[in-house]
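Novice: Take this structure, written in structure tokens, and hold onto it; I'll ask about it next.
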Amino acid sequence: MTGASTERPLPATTEVANDVVKRKRPAGVATTDVTLSAHVGANADVFPLVLDLHVPRGSRIADVTWGKGAFWRKVPPAAYQVLATDLQTGVDCRALPYADGEIDCVVLDPPYMEGLFRRDREHLAGAGTHAAFRSSYSDGLATDPDQGPRYHEAVLDLYLRAGAEAARVLRNHGVFIVKCQDEVSANRQRLTHVELINAYTEAGFYCKDLFIVIRPNRPGIARLLRQEHARKNHSYFLVFVKLDPRHPKRLRAPGSSRTSETR
């Protein structure tokens, strides 16, 4: 068609020569040297990684289920102010001797086998060759039949009561590190880590991170008739942050450094 223009406007994204706008280069570097979420090894191998990522050096940490201090074997002794207590020192994790909001971090690792909450001491899990497990994770006493729930519900009850006490003594945006393991109780799958995440979230915690600890050897079964569930060879470190009830959507303490990750 005569008289019609054949020129088309340049697209908005076209760069004009000698007038190039430089693209802003994002900060950070490409690397594989990062802390991972799953590890084959012992608790003592993984626990320092949890602290390095989430708890600043010099923090006041209350390990309320100290036991033999196995978690701390590879943590530098002067790195943190550690308050070590457990039932054997006369301190119940459900009734801590600290003031409200005075602790930076609480570490909780209670018995997470329902077999350690039975009404008859002769039926407690961890007998014979597993006696060391009972001494590390239990006071070795039977559960009072007139107090509290039974079996797996007793496990949850202990975690939740200890979590309520941790919320009391932690400062706002303090860190709550919880060790747990899923279990099969009464032939039913109980995903303890999911139950705890849901319960603690309702109690005012934010689940910031999760570490999976995979045991390096294969677990054994004394008397196997027929296997119904996969045998568990992993456990969890759950990392929670106590939210400020006045600002429940704020995930960091005011003035704390902010970092960004690209996954």
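Novice: Heavy atoms only, probe 1.4 Å: what % of the accessible area of region 142-252 goes to carbon and sulfur, would you let me know? Working shown, then result.
Specialist: Numbers: 3140 of 6370 Å².
Carbon plus sulfur share of accessible area: 49 percent.
Novice: Right, next: Can you compute the modelled spin-label distance between residue 45 and residue 199, with each label point 7 Å from Cα toward Cβ, in nm?
Specialist: For the pair residue 45/residue 199, the computed spacing is 3.0 nm.
Novice: Hey, with R₀ at 41 Å, roughly what FRET efficiency would residue 102 and residue 188 work out to, going by the Cβ-Cβ distance, to 0.05? It would help to have the intermediate numbers written out before the result.
Specialist: Working: r = 40 Å, r/R0 = 0.97.
The computed FRET efficiency comes out at 0.55.
Novice: Could you put 238, 225, 36 in order of accessible surface area, largest first, with the 1.4 Å probe and the full protein assembly present?
Specialist: Ranked from most to least accessible, the order is 225, 36, 238.
Novice: Provide 153, 183 ordered by accessible surface of protein heavy atoms (probe 1.4 Å), highest first. Before the final figure, lay out each step's value.
Specialist: On the way: 153 80, 183 20 Å².
So the residues, ranked largest to smallest area, are 153, 183.
The values are calculated or read from the model by the stated rules, or taken from the named source; none is laboratory data. Since we're looking at a predicted model, the values are computed, not measured. Because the Cβ atoms are built from the backbone with ideal geometry, glycine has one as well, and the counts that use them run over all protein chains shown. These area figures cover heavy atoms from the full protein model, side chains too; ligands, DNA and RNA do not enter into them. Shrake-Rupley method; radii C 1.70, N 1.55, O 1.52, S 1.80 Å.
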